[in-house]
Each structure stands twice: as C-alpha cells, then as structure tokens.
Amino acid sequence: MALTSGSAADANSYTTQTVTFPASSTANETVTITITDDALCEGPESLTFTVQNIGGGQGTPFIGSQSTNVLTIADNDAFAATVQDDFEDGNFFGWVENAAGRWSASSVNPINGAYSLREVDQNVVGSSYISKAMGGVDLSTSAASWQWQNGYNLDPSTNNAFWFWIAANQANVSSGTVDGYAVGVNLVGSTDLVTLWRVDNRISGTRTAIVTSAYDWDTGRPDSG
C-alpha cells in the first residue's frame, strides 16, 4: 500500500508498506500507520493510501473497486492567545503608548462592536505607536498566529504609511536597534500592497519583504485582517 496523496511527514515518513496474505488464508491483514504528533496548528489533514502492484496467488489476482482509502488526521493542537483585546470594555489597560493621550478606546466609527482602538491625533504629521508585552514567548517551538482588524482611510504613499509589529525584541519600536516583523504597506516603495516585512535596526534600517500579498490598500479601505 502506497501513500499517493498528502505529506509523508504526517505519517512518520510513511511511503509504502507490503501486505502479504498467506496461502489459503481468508483473514484480514493489517497495515499500521503511525501518525506524527507535531505541535503545529494546521487543521484537519488528509492522506490517501492506494493499493498497488498486486502479485502472486493463483489465477489472475486483481485489485477491487475500493483501491484507495482516505485517512483524515484531526488537529489536537490549539493556539494560545497571548495577547487578546477587543476594546469592548472601553479601555486599553495593559497597553503602553509612546506618548500619553495619543490613543483611545473609541466609539467613533468602530470597525466591529461598540469600540475600536483609535489614534487620537489623526491627520497630524508624525508617528505614534501603542504596544503590549507578550511575555517570554519562544516563537521557535510551535506555530504562532496573529489576527486583527484595522482601518486606515487614507491612500498610502511613500510618506504616508502604516504597519503593525507582530513581534519585536523591544517595546520601543522607535529604537535604533529594534528588530522584528511587521505587517503593513510602503515600508519600502509605494506599491500600497500589504506585506509582511522583516525589520532589522528600526524601520529606517534594513527592511526585507518576506511575503507580499496582492491586496492593494487604496483610499477608503475599511479594514484588513
């Protein structure tokens, strides 16, 4: 029996297994498949196994109509929400502003629900940020996921850009030595395409595009997640 669809890594590097029916036996034979229990949050995964290359026996052996079997592996891992806040309580306790009074949990045009986190000084030249510590999280040991919604109703340009740090080695993202990963538009250039960037030595340092989407943030885009 051969693995004909799906990843062998999900079945302990399974590729093929020989099944032998002893002469004159009518007993069922067993194929053993060992599932790889990793720490990744992947959702259900399917593997297809196909009976192939039958031989031996008397007469002309053949493979019946049920030559394939599909094994679906359920995911037993779950994401741990390290930072979660919908601001529906009307505050942003635990978050740190780079300057007091720059942000609020606002009921003005919320993206969802009654409140959204909102920059107070809109249409003002300059930059501002708000952050929340994730604690001692080792992102190399398991899968990680980020999900959020944001609004930005201006047409981005080389001088009018926005980004969200999903991980950084310092709380002060204006530091000249901050490294991390950020999602946004126009950290380099003016394509307006939402991109995942690796940042070394601040936004003005080295910016490397890791994943560039086809999502063009034009004027009036209401939100993105």
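The values are calculated or read from the model by the stated rules, or taken from the named source; none is laboratory data. Since the model is a prediction, treat every value here as computed from it, not as a measurement. Cβ placement follows ideal geometry from the backbone for every residue including glycine, while neighbour counts extend to all protein chains displayed. Heavy atoms of the whole protein, side chains included, go into the accessibility calculation; ligands, DNA and RNA do not. Shrake-Rupley method; radii C 1.70, N 1.55, O 1.52, S 1.80 Å.
Given labels modelled 7 Å from the Cα in the Cβ direction, how far is it in nm from residue 4 to residue 50?
According to this spin-label approximation, the distance is 0.3 nm.
At a 1.4 Å probe radius, carbon and sulfur cover how many percent of the accessible area of the chain?
Working: 7160 of 14590 Å².
Ligands and nucleic acids excluded, carbon and sulfur reach 49 percent.
Ranked by accessible surface with a 1.4 Å probe, highest first, in what order do 51, 178 come?
Details: 51 55, 178 0 Å².
Ranked list, largest accessible area first: 51, 178.
Quick one: accessible surface of residue 138, probe radius 1.4 Å, all protein chains present, in square angstrom to the nearest 10.
80 Å²
Between residue 174 and residue 141, what FRET efficiency comes out of the Förster formula 1/(1 + (r/R0)^6) with R0 = 30 Å and r the beta carbon distance, rounded to 0.05? If you can, show how the numbers build up before the last one.
On the way: r = 29 Å, r/R0 = 0.97.
So the FRET efficiency works out to roughly 0.55.
Which entry is the computed Cα Rg over 2.2 N^0.38 Å for this structure: (i) 1.10; (ii) 1.54; (iii) 1.02?
(ii)
In what sequence, largest accessible area first, do 62, 162 appear using a 1.4 Å probe? Don't jump to the answer; show the numbers that get you there.
Values: 62 155, 162 25 Å².
Largest accessible area first, the residues go 62, 162.
Give the calculated FRET efficiency between residue 215 and residue 62 to the nearest 0.05, with a Förster radius of 45 Å applied to their Cβ-Cβ distance.
Details: r = 52 Å, r/R0 = 1.16.
It comes out at approximately 0.30.
For the chain, what does the accessible surface come to per residue with a 1.4 Å probe? Please give it in Å². The partial results should precede the final answer.
Working: 14590 Å² over 225 residues.
Solvent-accessible surface per residue comes out at 65 Å².
Compute the FRET efficiency between residue 86 and residue 159 as 1/(1 + (r/R0)^6), taking r as their Cβ-Cβ distance and R0 = 25 Å, and round to the nearest 0.05.
Details: r = 32 Å, r/R0 = 1.26.
According to the calculation, E is roughly 0.20.
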